[in-house]
Amino acid sequence: MSTSPANSEEAPKEERSQAGDLDGAPLIDSHCHLQSLESDERELAMDQARERGITGFLVPALHLDEAEDLLDFCHRHPDVWCALGTHPHEASEWREGDSERLRALLSDPKAVAVGECGLDFFYDHAPREQQIEVMREQWSLAIELNLPVVVHNRDSNQAMLEQLLLPEFEELQADFHSFAGGIEMGRELIELDCYLGFTGMITFKRADNVREVIPEVPHDRMLVETDTPYLAPVPFRGKANQPAYVVEIATRLAQERGESLAELAQRTSENFFDLFAKANEDG
Ligand SMILES: [Zn+2]
């Protein structure tokens, strides 16, 4: 495999991982779609991540039909939790009664958040009005159940803010995963006490616009994530992503903030358990 130490020795200097030392600190991949890997690959990817010191994984659902499988998977692994919900790409699938169905699924101790849900006006796989309505139903449920939401937001800042600022969503606790919404949106979300999840995008050369917000994020509002299988960080860019690479992402985030990797890993892990508090209760 190209990620083995032998091969990385042969890689040109700029292709080598700059990963720092975790020094025993915990590190959690707060967003990885392990369900999109074949089951043997999935186990291997998790083992490789654990070998590098990754201590937890949050797997967000894309639609409700996979919820039972996801819960079964989480119950086989003490270090894996899931978010359950309907992704904006799948918003057309949402049926009458799905709110009830989701409420029942969320009673499982392994389901620690609602999501991923949100808006995607880049792909527009579902009509925008429907995306908004499906997101609203999931947010209302999250507030009712006192659970956080994992939010997907692409090219939809304005519509997203309109909803976020409504009094009915004042109590919403949100992880804006794979944050790349620009400095203005970042500031709005920080003002609203949202968490920002950073991916491998922060390691990309031409991503100053994604990195810009990093120094302004309060230390208790940052999360790190791979968004596996997408967005592999440098020096693995273009390959399939995997949770082990969250070390490269955390290393870069720490550099941008002038912190050690161990400090940043410890901090983002604490943030994870603060936001996804239900994960503390599950043994
Ligand atoms: Zn996702």
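The numbers here are math on the coordinates, done by the rules we state, and not lab data. Everything numeric here is computed off the predicted structure, so don't read it as measured data. No Cβ is skipped: glycine too gets one built from the backbone with ideal geometry, and neighbour counts run over all protein chains shown.
How charged is the neighbourhood of Ser260? Take every other residue with its Cβ under 12 Å from the Cβ of Ser260, and add Lys/Arg as +1 and Asp/Glu as -1.
Residues close to Ser260 contribute a combined charge of -2.
Between the helical axis of 261-275 and the dominant principal axis of the chain, each derived from Cα atoms, what acute angle in degrees is found, rounded to the nearest 10?
10
What is the set of long-range amide H partners of His152 at a cut-off below 5 Å, with H atoms built 1.01 Å from backbone N?
Here the answer is Cys117, Gly118, Leu119, since their amide H atoms fall under 5 Å of that of His152.
Fewest Cβ neighbours within 10 Å first, please rank Ser30, Ser39 accordingly.
On the way: Ser30 31, Ser39 10.
Listing Ser30, Ser39 from fewest to most nearby Cβ atoms yields Ser39, Ser30.
Quick one: net charge around Ala25, please, counting Lys, Arg +1 and Asp, Glu -1 for every other residue with C-beta under 13 Å from its C-beta.
Numbers: positive: Arg52, Arg267; negative: Asp21, Asp23, Glu259, Glu263, Glu270.
Combined, the nearby Lys, Arg, Asp and Glu give -3.
Search the structure for amide H atoms under 5 Å from the amide H of Ile54, placed 1.01 Å from N in the peptide plane, and list their residues when 5 or more places away or on another chain.
Under 5 Å from the amide H of Ile54 lies no amide H from a residue far enough along the sequence or on another chain.
Tabulate in residue order the Karplus-calculated ³J(HN,Hα) for region 184-201, using 6.51 cos²θ - 1.76 cosθ + 1.60 with θ = phi - 60°, rounded to whole Hz; enter x for Gly and Pro.
My calculation for region 184-201 gives 5, 5, x, 5, 4, 5, 4, 4, 8, 6, 6, 8, 10, x, 9, 10, x, 4 Hz in order.
Excluding Asp65 itself, what net charge comes from residues whose Cβ is under 13 Å from its Cβ, given Lys and Arg +1 and Asp and Glu -1? Show your work: numbers first, answer last.
On the way: positive: Arg95, Arg101; negative: Glu66, Glu68, Asp69, Glu90, Glu93, Asp98.
Result for the local shell: -4.
Under a crude label model (7 Å from the Cα following the beta-carbon direction), how far is Asp72 from His125 in nanometres?
2.3
State the extension gain, in nm to one decimal, for the chain segment bounded by Glu43 and Asp193, taking 0.36 nm per residue of separation less the distance between their alpha-carbons. Don't skip to the end; give the middle numbers.
Working: separation 150, 0.36 × 150 = 54.00 nm, distance 3.48 nm.
Result for the pair: 50.5 nm of gain on full extension.
Mind giving me the FRET efficiency for Ser140 and Tyr230? R0 is 22 Å, r the Cβ-Cβ distance, nearest 0.05 is fine.
Details: r = 29 Å, r/R0 = 1.30.
Step by step, r from the Cβ atoms, then E = 0.15.
Quick one: longest stretch of the chain between exposed loop trypsin sites (Lys or Arg not before Pro), exposed meaning at most 10 other C-beta atoms within 10 Å and loop per DSSP? Numbers along the way, then the final one.
Working: sites that count: Arg76, Arg95, Lys205, Arg206.
With a cap of 10 other Cβ atoms within 10 Å, the longest stretch comes to 96-204.
Scanning the chain for chymotrypsin sites (Phe, Trp or Tyr not before Pro) in DSSP loops with at most 12 other Cβ atoms within 10 Å, what's the longest stretch left with none? Each step should come with its number before you reach the end.
Numbers: sites that count: Phe122, Tyr123.
My reading of the result: 124-283 is the longest stretch.
Please give the helix 246-257 orientation as an angle from the longest Cα principal axis of the chain, in degrees from 0 to 90, rounded to the nearest 10.
So the inclination is approximately 90 degrees.
Just subtract the alpha-carbon distance of Ala277 and Glu51 from 0.36 nm times their residue separation and send over the number in nm, one decimal. Show your work: numbers first, answer last.
Details: separation 226, 0.36 × 226 = 81.36 nm, distance 2.53 nm.
Length gained, Ala277 through Glu51: 78.8 nm.
Quick one: compute a quarter of the convex hull surface over the Cα atoms of region 1-151 and quote it in nm². Each step should come with its number before you reach the end.
Values: hull surface 44.3 nm².
Its average projected convex-hull area is 11.1 nm².
Taking Cα atoms, how many degrees apart are the long axis of helix 128-145 and the longest axis of the chain, rounded to 10 and kept between 0 and 90?
Once rounded, one gets 90 degrees.
For region 204-237 and region 54-70, write down the distance between their C-alpha centroids in whole Å.
22
Using the Karplus curve 6.51 cos²θ - 1.76 cosθ + 1.60 with θ = phi - 60°, work out ³J(HN,Hα) for each residue of region 72-82 in order, rounded to whole Hz, and write x for Gly and Pro.
Once θ is set to phi - 60°, the couplings for region 72-82 become 4, 4, 4, 5, 7, 9, x, 9, 10, 10, 9 Hz.
In sequence order, what are the phi-derived ³J(HN,Hα) couplings for region 22-33 according to the Karplus relation 6.51 cos²θ - 1.76 cosθ + 1.60 with θ = phi - 60°, rounded to whole Hz, with x for glycine and proline?
Along region 22-33, the couplings run 6, 6, x, 6, x, 8, 10, 8, 7, 7, 9, 8 Hz.
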